[in-house]
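Colleague: Sharing a structure here in C-alpha cells format.
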Amino acid sequence: MGKDKKITLIIGGGIAAYKSLELIRLLQNAHIEVIPILTKSAENFVTTLSLAAISKKKVYSHLFDLNDETEMGHIQLSRVSDLIVVAPATANLISKMANGLADDLASTLILATNKKVLIAPSMNVQMWNKPATLSNVKKLKEYGFLFIGPNTGDMACGEFGLGRMAEPSEIKDKIMASFQNNTLLNKKILVTSGPTVERIDPIRFISNNSSGLQGTAIANALVNLGAEVVFVTGPTNVSHPIGAKIIPIESAKDMYKAVFSNGPYDVAICAAAVSDWHVQNDSSRKIKKKDSNSKPNIELKENPDILADLSKSKNRPGLVIGFAAETEQLTKNAKEKLISKGCDLIVANKVEKKSSIFGAKNNEVTIITNDYMEKWPEMTKTEIGEKLGQLIVKYCH
Ligand code: C5P
C-alpha cells in the first residue's frame, strides 16, 4: 500500500514545525512521496534547505513566484497529490481555512484543491479553547476536513493542556488510514470502557472487575481505521489507546456527563461495565465503625442507563452497540437487552462460574442483532476489536 501515493504537506508557522522533518522521513519510509509547502511564518521555524534535503523535492512557499508558476501553477499544485496535510496547523491557518481566505500559496492551495485535507492543529491551550477557534474547527469538520489531534500535554510555552500537535507517527497512521478503501475516516465514534467507581466515603467504593482490555482493544482498532474516537474510561491499569480523545471518569454519573457532552457520534459502543447503583448518601468523611453502630447505612440509587439513553436520544448515533455479560441463557437475555435498551447490536459474553473474562487476554462473544446472530470462536480481545471494527465499517458504508 502507498507505493504511488503522494501528499502535499503544508507546514504552518508553529513551534511544532520542526516535527515536520520527522513526519517526512516516516512517510518516505512508508513509500509516500511528500511535496513540502512552507508558509511565510513557518520559514522562521524550519529552513527551505533542510526540507529540500530531507524530502529531495522542491519546496514551494510563495504565491505568484514566476519561476514556480511556469514550472507548476498553483491550481495544478493543488491537484497533484492524493491528500493535503496541514501540520502544524496554527490557529491562524485554521481560521483562514474555515473562512475561505486565499492570501498566500498554502491557503490558496487548500481553497483550490479537489482533494481531502487533513489538519493537525498545534497551538497554545488558550488559543485552542477560544470560541472562535472551536467554531472554526466545527465548521471545517462539517465541511469534511479531517482532523488528527490536538493532544494534551506540555507546551513549548511552559503551559499544559490540549493543543500539542499529534505525534508524527500518529499523523502518518492517519494518512495511511485515509488511503485505505474501507475506513472509518470522518466517523466520530464513542467507546465507553472499564469499570465505574461509586464512592461510599473518601476511602471506600463500589466497583467491579472490568479490566478495560476489551474496550481499549476496540478503541485501538477504530483509531487504526481512521475514526475519531472518544474514549470514556473508568480507572484501569491498561494503557490508553493512542490517537483517541481520552476522558477519564470515576462514577457512572461522570461517565453519563462525559458521554452526553462530547457527542453527537456516528457510532457508540458501550463496552464499560457501569455500576447499576450509586451511593445516594455517600459521606465526605470516612465512616467510622462506631458512628454507624458497626453497620453503615448505605442507600443505593439506580444510575442512569447510558446505553439506553443514547439509543433514544435526539441525536441518536446511526449505530449503537451494547455489551451483555450473562451467566445463563445468553442469547435469550441478550435479545431482551437489545430490545429493552433500544440498541442495534449486542456483543454477548457468557461468564462462566469458574473462569472469568475479566482481565483475560481472550474472549468468546456472540454478535446479536434483531435479525441476525453469529457466534465468533474464541480469540484475543485485540482480534475481537479488529473484527468488530470491520463489522462497523460494513454498517457505515
Ligand atoms: O444492564 P446491563 O448492565 O447488563 O447492560 C450492559 C450494557 O449496558 C453495556 O453495554 C453497558 O456499557 C451498558 N450500560 C450503560 N449504563 C448503565 C448500565 C449499563 O451504558 N447504567
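The values are calculated or read from the model by the stated rules, or taken from the named source; none is laboratory data. Since this is a predicted model, take the numbers as computed values, not measurements. Quick reminder, even Gly has a Cβ in these numbers, built from the backbone with ideal geometry, and neighbours come from all protein chains shown.
Colleague: Which residues, counting only those in the stretch 14-30, are over 20 Å from Lys58 (Cβ atoms) and more than 23 Å from the chain's Cα centre (by Cα)?
Modeller: Gly14, Ile15, Tyr18, Asn29
Colleague: Tally time: how many residues in the stretch 343-354 are farther than 28 Å from Arg199 by Cα, more than 26 Å from the chain's Cα centre (by Cα) and not in a strand (DSSP E or B)?
Modeller: Final tally of qualifying residues: 2.
Colleague: Something else about it: Can you find a residue that is within 27 Å of Tyr395 (Cβ to Cβ), in contact with a Lys or Arg (Cβ under 6 Å, 6 or more places away or on another chain), in contact (Cβ under 8 Å) with a residue 12 or more places away in the chain and of a type in the set (Ser, Thr, Tyr) anywhere in the stretch 321-335?
Modeller: Scanning the stretch 321-335 turns up no residue that is within 27 Å of Tyr395 (Cβ to Cβ), in contact with a Lys or Arg (Cβ under 6 Å, 6 or more places away or on another chain), in contact (Cβ under 8 Å) with a residue 12 or more places away in the chain and of a type in the set (Ser, Thr, Tyr).
Colleague: Among the residues in the stretch 186-202, are any buried (at least 24 other Cβ atoms within 10 Å of the Cβ) and either touching a Cys at 6+ places or on another chain (Cβ under 6 Å) or without any contact (Cβ under 8 Å) to a residue 12 or more places away in the chain (or both)?
Modeller: Looking through the stretch 186-202, at least one residue is buried (at least 24 other Cβ atoms within 10 Å of the Cβ) and either touching a Cys at 6+ places or on another chain (Cβ under 6 Å) or without any contact (Cβ under 8 Å) to a residue 12 or more places away in the chain (or both).
Colleague: Within the stretch 201-212, does at least one residue satisfy the condition of being within 18 Å of the chain's Cα centre (by Cα) and not β-branched (Val, Ile, Thr)?
Modeller: Scanning the stretch 201-212 turns up at least one residue that is within 18 Å of the chain's Cα centre (by Cα) and not β-branched (Val, Ile, Thr).
Colleague: Counting only residues that are in contact with a Gly (Cβ under 7 Å, 6 or more places away or on another chain), of a type in the set (S, T, N, Q) and not in a loop (DSSP other than H, G, I, E, B), which one in the stretch 140-191 is modelled with the highest pLDDT?
Modeller: Once the filter is applied, the top-ranked residue is Thr152.
Colleague: Determine if the stretch 99-112 includes at least one residue that is at pLDDT 95 or above, under 23 Å from the mean Cα position of the chain (by Cα) and closer than 30 Å to Lys245 by Cβ.
Modeller: no
Colleague: Something else now. Name the residues in the stretch 91-122 that are in a helix (DSSP H, G or I) and surrounded by fewer than 24 Cβ atoms within 10 Å (Cβ to Cβ), would you? Before the answer, list the steps.
Modeller: Of all residues in the stretch 91-122, those in a helix (DSSP H, G or I) come to 91-99, 105-112.
Across the stretch 91-122, the qualifying residues are Ala91, Asn92, Ser95, Lys96, Ala98, Asn99, Leu105, Ser107, Thr108, Leu111, Ala112.
Colleague: Considering only the stretch 225-256, state which residues are over 10 Å from the mean Cα position of the chain (by Cα) and surrounded by fewer than 21 Cβ atoms within 10 Å (Cβ to Cβ).
Modeller: First, pick out the residues of the stretch 225-256 that are over 10 Å from the mean Cα position of the chain (by Cα): 225, 232-240, 247-256.
The answer is Pro235, Thr236, Asn237, Val238, Ser239, His240, Ile247, Pro248, Glu250, Lys253, Asp254.
Colleague: Would you confirm, using the coordinates I've provided, whether Lys290 is modelled with pLDDT under 95, buried (at least 17 other Cβ atoms within 10 Å of the Cβ) and over 26 Å from Pro235 (Cα atoms)?
Modeller: So Lys290 fails the test.
Colleague: Could I ask something else about it? Scan (1) within 29 Å of Glu302 (Cβ to Cβ); (2) touching a residue at least 24 places away in the same chain (Cβ under 8 Å) for the single condition Ala217 breaks and write down its number.
Modeller: Evaluating Ala217 over (1) within 29 Å of Glu302 (Cβ to Cβ); (2) touching a residue at least 24 places away in the same chain (Cβ under 8 Å) leaves (1) as the failure.
Colleague: In addition: I'd like the residue in the stretch 322-357 that is over 25 Å from Lys312 (Cα atoms) and either surrounded by 18 or more Cβ atoms within 10 Å (Cβ to Cβ) or of a type in the set (D, E, K, R) (or both) and, out of all such residues, is modelled with the lowest pLDDT. Please lay out each step first, then the result.
Modeller: Step one: filter the stretch 322-357 for residues over 25 Å from Lys312 (Cα atoms), giving 327-329, 350-357.
Among the residues that remain, those that are also either surrounded by 18 or more Cβ atoms within 10 Å (Cβ to Cβ) or of a type in the set (D, E, K, R) (or both) are: 328, 350, 352-354, 357.
Values: Glu328: 85, Lys350: 79, Glu352: 71, Lys353: 56, Lys354: 50, Ile357: 63.
Restricting to residues being over 25 Å from Lys312 (Cα atoms) and either surrounded by 18 or more Cβ atoms within 10 Å (Cβ to Cβ) or of a type in the set (D, E, K, R) (or both), the top hit is Lys354.
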